[in-house]
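No value in this document is a laboratory result; all are computed from the given coordinates. If you're wondering where the values come from, they're calculated on a predicted model, not measured in any experiment. All Cβ positions, glycine included, derive from the backbone under ideal geometry; neighbour counts span all protein chains shown.
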Amino acid sequence: MIAIGSDHGGYTLKRTLMDHFDTKGLAYKDFGTYSEESCDYPIYAKMVAHAVASGECERGILICGTGIGMSITANKIPGIRAALCGDCFSAEATRQHNDANILCIGARVVGEGLALMIADVFLDTPFSNDIRHKRRIAQIED
Ligand code: RB5
């Protein structure tokens, strides 16, 4: 199950991503926001981050205008490794190296087509399980 959330700045891209997941048959849970009315991104970042940290959802996707506010907020929740990605290389590498569990996207930064590709790569790429990456991830939590 994918946890997905956005603020008003990411609302339209969130809808596009959910349509994409529907087409692919991927299950997701939408934590809001549910309109383009101005709202506060930390509310949605925390809901998605807690859903992932608790194990309710395996991965999360958070979208705001830049993706920055979402990533700053989500990374304050223990167990969350949120990666702000604007390209497919980073999306692949952060899964392989960091075992990132939340993808953040800036809807005002990347186009719709690229955003869908970034999400696909993030969701399709497994963690490397490499010992050096496991050691470094453990050090994050120290
Ligand atoms: C909203 O205007 C904007 O500040 C928000 O979407 C995000 O970019 C914050 O980091």
Residue hits (the stretch 104-121; away from the ligand (no atom under 13 Å from the Cβ), closer than 11 Å to residue 85 by Cα and in contact (Cβ under 8 Å) with a residue 60 or more places away in the chain) are 115, 119
When you check residue 48 against the structure, is it out of contact with any Leu (no Cβ under 9 Å at 6 or more places or on another chain), touching a residue at least 24 places away in the same chain (Cβ under 8 Å) and within 20 Å of residue 98 (Cα to Cα), yes or no? no
Taking the stretch 84-135 and keeping residues part of a loop (DSSP other than H, G, I, E, B), surrounded by fewer than 23 Cβ atoms within 10 Å (Cβ to Cβ) and hydrophobic (A, V, I, L, M, F, W, C) leaves 109, 110, 127
